[in-house]
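The values are calculated or read from the model by the stated rules, or taken from the named source; none is laboratory data. On a predicted model such as this, the values are computed, not experimentally measured, just so you know. Every residue, glycine as well, gets a Cβ built from its backbone with ideal geometry; the counts of neighbours run over all protein chains shown. These area figures cover heavy atoms from the full protein model, side chains too; ligands, DNA and RNA do not enter into them. Shrake-Rupley method; radii C 1.70, N 1.55, O 1.52, S 1.80 Å.
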Amino acid sequence: MFFLDSNAPVPLFKQLYNQMREHILLGSLPADSKLPSVRDMANNLAVSRNTVDGAYQELFAEGYIYSKPRSGYFVSPLDQESAPRSLVSKPDNQAPPLQRAPTYRYDFHPARLDPESFPNRLWRKFFLECLRENPQQLSEYCDPQGELGLRFAIQNYLERSRGVVCDPEQIVVTAGLQHSLDIVANVLKEDHSRVAVEDPGYPLASTVFRNHSYKINPVPVRPDGIDLDALKAGNSSIAYVTPSHQLPMGYVIPVANRLNLIEWAEAGDKFILEDDYDSELRYSSKPIPSLQGLRPHGNIIYMGTFSKVLSPALRVSYIVLPRSLLARYYRLFQNHFSSVSQLEQRTLAKFMVQGYWNRHIRRMRSIYKKKHDTTLRAIKEHFGTLAVVDGQGAGLHVVLQLLGATCGETEIIRRAEQKGIRLLPFSWTCASGKSVPVRLMLGFGGMTEIEIKEGIALLAQACH
Ligand SMILES: Cc1ncc(COP(=O)(O)O)c(C=O)c1O
């Protein structure tokens, strides 16, 4: 009946008091009913007796319960009419109560990072330095396009590691991919109305462009990238692609097909949106250069993020706009302010300029390579010939295709949940909303190697 959360900021006794009070006011704890003894309640809720005693004392002091000598506590009879309206009746348009996300012992969500990996000590040091160094900057808005120091650091990094050719003036620091796509959708909408997206693919791109009234054209993805014939047939003038590590399949577009895609864009005033989201994490081969690097002056809008290697909680990402779009960007966004905290931007710039970003990438690559290898070994051990793996060798997840599965995705997810396993449905990435054949996305970033091994052993049981 009562749910207490030891991670919540509200003390446990207060949580219990609030919930009991609400049940009394709603009548679900009826007048004169006897409450469990302090000891029984504490045992049931697995909390200390002090917690329960604290809640009972407060309810008693406010008259919600009364006590009888040697019998314990009872609910006071209350006049329901005088109970606070917000508790006894719910207005029709009230939003449903927030659902607490369940926690899972084995969480295979592909967007989770190693929980121990954030460079806490360095971040705190640089953050404090930023606070001390130039306090008057905190009384001003920062550059709407992003702190110049950070844009220089990003430009330098992209040039060296991704072959991206640009100037800091082409870079816009954004608060995540959603924000990047929002800007791009605004910049392109004067001349474009139809966007091709990968199918299966990252659904956020479709959502953002649909919200800007673009028509969405899902195009099948093959192991060598987006199907170019289908792309051409669809008459879209924008293509959103994830060429370094296709989401979700993990395919890497070979250079020959990157050039074909560029050729498609050059034949007409078309644009490629290159989402290079986890290009840092390649485990077995050298990264393939970005599309933007292959045609620095082409119609390619490059997008990157710090969410995969540093932290998705920071909300720092970036766009590299082609020069041809800068005038329009300035016109449309001239009265906008930066959406990313100046302090976080300056902290990140220090982290990058002082060489820690490259070191951090190397460290993360080694941590995730171990988890990636453990995942593949566990799949081999527990699924054997009953599954095929796609997308290995990069990123934070692999895709498991089940051979001869006897039930569908929904049933497998349900069974997995019963074993404490969380899976993000693969069908979430499919334009049709259906995943045929049955595929599972296995993110390994947020799990320990032991959890990966145990989780995959249990998952195999849930699939067979
Ligand atoms: C395909 C793809 N691009 C980009 C991102 C990163 O998005 P953001 O920068 O908003 O954290 C993700 C996150 O999961 C992703 O799956």
Item to check | Which numbered condition Thr385 misses (of (1) closer than 29 Å to Asn156 by Cα; (2) modelled with pLDDT under 95) | outcome: (1)
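If you take the residues of the stretch 306-332 that are over 23 Å from the mean Cα position of the chain (by Cα) and open to solvent by less than 30 Å² (accessible area, probe 1.4 Å), which of them is farthest from the ligand (Cβ to nearest atom)? Walk me through it before giving the result.
So in the stretch 306-332, the residues over 23 Å from the mean Cα position of the chain (by Cα) come out as 321-332.
Restricting the remaining residues to those that are open to solvent by less than 30 Å² (accessible area, probe 1.4 Å) gives 321-322, 325-326, 329.
Working: Leu321: 17, Pro322: 20, Leu325: 20, Leu326: 22, Tyr329: 19 Å.
Only one residue tops the list, namely Leu326.
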Checklist entry - Is it true that Pro115 is of a type outside the set (Asp, Glu), surrounded by fewer than 19 Cβ atoms within 10 Å (Cβ to Cβ) and not in a helix (DSSP H, G or I)? => result yes
Checklist entry - Within the stretch 238-250, is even one residue buried (at least 22 other Cβ atoms within 10 Å of the Cβ), within 16 Å of the ligand (Cβ to nearest atom) and among the aromatic types (Phe, Trp, Tyr)? => result yes
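For every residue, the table says whether it meets (1) of a type in the set (A, V, I, L, M, F, W, C); (2) part of a helix (DSSP H, G or I).
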position: Asp40; (1), (2): no, yes
position: Asn44; (1), (2): no, yes
position: Val47; (1), (2): yes, no
position: Asn50; (1), (2): no, yes
position: Gln57; (1), (2): no, yes
position: Phe60; (1), (2): yes, yes
position: Phe74; (1), (2): yes, no
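Could you list all residues from the stretch 392-413 that are open to solvent by 10 Å² or more (accessible area, probe 1.4 Å) and under 22 Å from the mean Cα position of the chain (by Cα)? Before you say what the answer is, go through the steps one by one.
Within the stretch 392-413, the subset open to solvent by 10 Å² or more (accessible area, probe 1.4 Å) is 392, 401-411, 413.
Matches in the stretch 392-413: Gln392, Glu409, Thr410, Ile413.
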Checklist outcome for this item: Selection over the stretch 167-205 where residues are open to solvent by 20 Å² or more (accessible area, probe 1.4 Å), more than 21 Å from the chain's Cα centre (by Cα) and in contact (Cβ under 8 Å) with a residue 60 or more places away in the chain yields a count of 4
Item to check | Residue check, Tyr368 assigned by TED's automatic domain parsing to the domain that holds Pro135, open to solvent by less than 50 Å² (accessible area, probe 1.4 Å) and among the hydroxyl-bearing types (Ser, Thr, Tyr) | outcome: no
Item to check | Test: residue in the stretch 205-214 that is within 24 Å of Leu442 (Cα to Cα), away from the ligand (no atom under 16 Å from the Cβ) and assigned to a loop (DSSP other than H, G, I, E, B) | outcome: no
Checklist entry - Just for the stretch 41-70: of the residues that are acidic (Asp, Glu) and surrounded by 13 or more Cβ atoms within 10 Å (Cβ to Cβ), which one is modelled with the highest pLDDT? => result Asp53
